1. Kirkwood hydrodynamic radius, region 34-192, all distinct C-alpha pairs: what's the number in Å?
2. Show me 226-238, 800-812 ranked by packing, highest mean number of other Cβ atoms within 10 Å first.
3. Is there a quick way to get the dipole size of the chain? I mean about its Cα centre, with the Cβ of Lys and Arg at +1 and of Asp and Glu at -1; what is the value in debye to the nearest 20?
4. For L394 and I531, compute 0.36 nm times the residue count separating them, minus their Cα-Cα distance, and round to one decimal in nm.
5. Give me the extension gain from D884 to R853: residue separation times 0.36 nm, minus the current Cα-Cα distance, reported in nm with one decimal.
6. With the calculation restricted to Cα positions, what are the radius of gyration and Dmax of region 188-235 in angstrom?
7. When the dipole is taken about the Cα centre of region 1-90, and only Lys, Arg (+1) and Asp, Glu (-1) are charged at their Cβ, what size is it in debye, to the nearest 20?
8. Can you figure out the FRET efficiency of Q402 with H778, using R₀ = 45 Å and their beta-carbon distance, to the nearest 0.05?
Amino acid sequence: MSFRYLQSLFNPQSIAVIGASSRPHRIGSVLMRNLLAGGFGGVIMPVNPKRDAVGGVLAYPDVDALPRTPDLAIICTPAATIPGILEQLGRRGTRAAIVMAGHLATTIGPDGRPLDQTILETARRHGLRLLGGGTLGVMVPQFGLNATFSQVSIQLGNVGFVSQSDAVGTMVLDWALPKKVGFSHFVSLGSALDIGFGEALDFLGSDPGTRAILLYIESIRDRRSFMAAARSAARNKPVVAIKAGRAPRATSGALADPLFLDTPGLIDEDDVFDAVLRRAGILRVDHLDELFGAVETVVRSRPMVGNRLVVVSNGGGAGIMAEDSLHLGGYAMPELQQNTVTRLRRLLPSGWDGRNPIDIRVDAPSKRYEDVLKILAEERDGDAVLLVHTPNALTSSIDIAQTVIKTIRNSGGNLLTCWVGDESVAAERKLFVDSGIATFDTPEHATRAFLHMVNHRLAREVLMQVPPSMSHDFLPDVDRARAIVRSALTEGRTRLTEPEAKAILDAYGIPIVQSVLAADPQEVARVADRIGPPVSVSVMSRDIRRKWEVGGVALNVETPAAAAAAAQGMLTRIKALRPDTAVSGFAVQRMEARAHARQLIIGVATDPLFGPIIVFGEGGRALEVYRHLAVGLPPLNLPLAQDLIDRSRAAPMLAAYHTHPAADRDAIALTLTKVSQLVVDLPEIRELDINPLFADDRGVVAVDAHIQISPEPPKPQRLSIRPYPQGLEETATLRNGRSVVLRPIRPEDEPTHYVFMSRLTPEDILFRFFHYIGTLPHSEMARLTQIDYDREMAFIASAQDDSGQPETLGVIRAIADPDNHSAEFSIIIRSDMKGLGLGSRLMIKMIDYARQRGIQEMTGDVMAENEPMLKLLKVFGFSAGASDEPGIVHVRLPLQEEARAR
């Protein structure tokens, strides 16, 4: 359903209020009052068959009687009336409606179906977008739009707030008013029957008046839409979320008995959602007061460039509290530069120890605050300064606040203030709020807000980082792995044997300990004698998932006779404990002599909403003790794999300690990326675990492995993040005989893209960007090379230069709107490569791709003086028309049959 029609929701020119009322405490009454009081400049048309006017505005008996088609309809009538009203609105061409009635999924209509299904079908039939049901409504102060029944109003600002809870939404709005935190939009999703977080994020992410986005999330319905929209929005502006439902009882439960979890309940949907937000570049906070603090810093602070906090206080205790809070957040106070210390010593009373926090003494006058802040601004020892002031009778707290405000205006920098107290410092806090300076009531709250700024920067780095290429030596034997899976499915099996699982790992270059199958204890003895002691023996059975529970594993077996005895003992125990269990044999393998190895686990599970996930942590029996796994989303690259390791409790034990050398973290990270690629290539895999994975200074080796597969065909778009579309690569030959590869752009193309940009002529750059640009910063170049393949595509032409190194010769880019209706394209070719047919090859590739995606049209803007490009586009069937900008030609190419007919 069309994203374009959201303009009718957020910026309507006419509104019909169906069920408008003059009776107090009715939704239709409160909503009319808010619409009129908000100063909405468009047409308001109340619909009430029993009233001539509502709120002093002429009323109409029904939708058909309205004098004009409303852009937006607000439906305040009972649930049973909604399908009929939507039918009337749809026939008239209304494009958006807000449905106030709730519990639509549990209300049964006359046809015996839940009413929400009928409502959604009716709306979709007419291309009408719905907000709700059970929604508080929408506020857009820029247009005087208060289409809610809230008793709280908002002031204009640059924060977009999307809430799934009316109560939480009202609470945040009420908090924001005295803090002078303004909003560009407030959106209450309600049950998100149609419009959900994805659409709201898309709209706010592209809205120039929205500087930051806040989300209150209880559940997600469309994960692919959410992920694509969240990643797109977070690339351009801060996105902060609070997700309710951390407690186990508040969730729908753990993932469905993942194979690798010897102890159930180690991860649940909240662990997965945490990984989702992290991968999307969204800052997650746990509590409402943290959300408020995050708003305070996002709105009133400059973007962070580091994690150094300098604390200035007029009392040692308050500074120490801030230092403790920073330490608990995983950071330490930075040391001050010697020049800073020297300058401060001349200024401060004797006795200061030269450390951060800086204690300027309880009797510090305004001038001392001013001088200290100036020195810190000049020396730049920190990325932010936290000023903690405890009021006392020796100084004027209000004078100090005024001095601080004046100083920071002149010197700049990131300043957080904390005037400790409550009513006694209300006036000072108001001064800071009025001046746009972040202010907090305790050192802990202020420090936590600083950490939010740091974590947001790190989240952006995860989103925007440039991963190095995986080694070109990594060429997995995908056909071999697929053959193993097909063979098992043909036999009706959904669980691979241990040797089969290890064979798949081996096909992906993951070191394994070879297992040899033995049918009975006698063969176990012969195998043990052949491979040599010490060996391990483990039972093989489809009915046993946790071998330890039945004594199904024997380690460090020294003789063939002992191996046979161990196998016989397993048979005896299993017969006694589980008489119906079928034992297929035993796996015998040579014990790895790795005295310093850490036991780890790498696993894959399938979340019902977000699809495959990858987990990492301590393996072996320690998994049952520590009960913690870090969660990530495929596809992984090396930096993301290192981040997954860092977030696990296994990370500290990988470092060197005592006589143990450090484990090879690079080998662990590489193994994670190989497992990630395996998940991408083999969609039949539902669960996988490598436990234990031995890791030491020599590398890694998989000691035990299990894989569960599914006979069901994989769901389309099963991955939350679309991996690199390798199938779109092709080779082409230019007119001069040179061979080039046409392929989607990758993040690791950034270095060669810099070289490509440097070899463009000023005219090339002018025709592409419409103005001259210098060397792009990393953040901008990352936007060009790190793309979301769900939303945009960029094909580059790559070839080897004279030294055998890859170089980029040209690029074509197309960005689709959220509806997948229209895609705006751009193309640029190196001047020395023009006239060789490269531009035509790239155009053909992009047009074919856009058609296959179902995009209706390609559009673009071309400078009128760029005659060669206009000539090329004419050959491909583009029509040319006037643009709103002088000297610019707007071009359009219909792609689908229905589009060509228009």
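1. Values: mean 1/r = 0.0606 Å⁻¹.
Roughly 16.5 Å, rounded to one decimal.
2. Details: 226-238: 23.2, 800-812: 15.2.
My ranking of the peptides, most packed first, is 226-238, 800-812.
3. Working: 97 positive and 104 negative charges, 243 e Å.
Dipole about the Cα centre, nearest 20: 1160 debye.
4. Values: separation 137, 0.36 × 137 = 49.32 nm, distance 8.34 nm.
Between L394 and I531, full extension yields 41.0 nm more.
5. Values: separation 31, 0.36 × 31 = 11.16 nm, distance 2.88 nm.
Net length gain for the segment: 8.3 nm.
6. Values for region 188-235 (Cα only, Rg and Dmax): 10.3, 27 Å.
7. Numbers: 7 positive and 5 negative charges, 58 e Å.
Charge dipole, region 1-90, about its Cα centre: 280 debye, nearest 20.
8. On the way: r = 40 Å, r/R0 = 0.88.
After rounding to 0.05, the efficiency reads 0.70.
Where a number appears in this text, it was derived from the coordinates with a stated rule and is not lab data. Treat the numbers as computed from the prediction; the structure is a model and nothing was measured. Cβ atoms come from the backbone with ideal geometry, glycine included; neighbour counts cover every protein chain shown.
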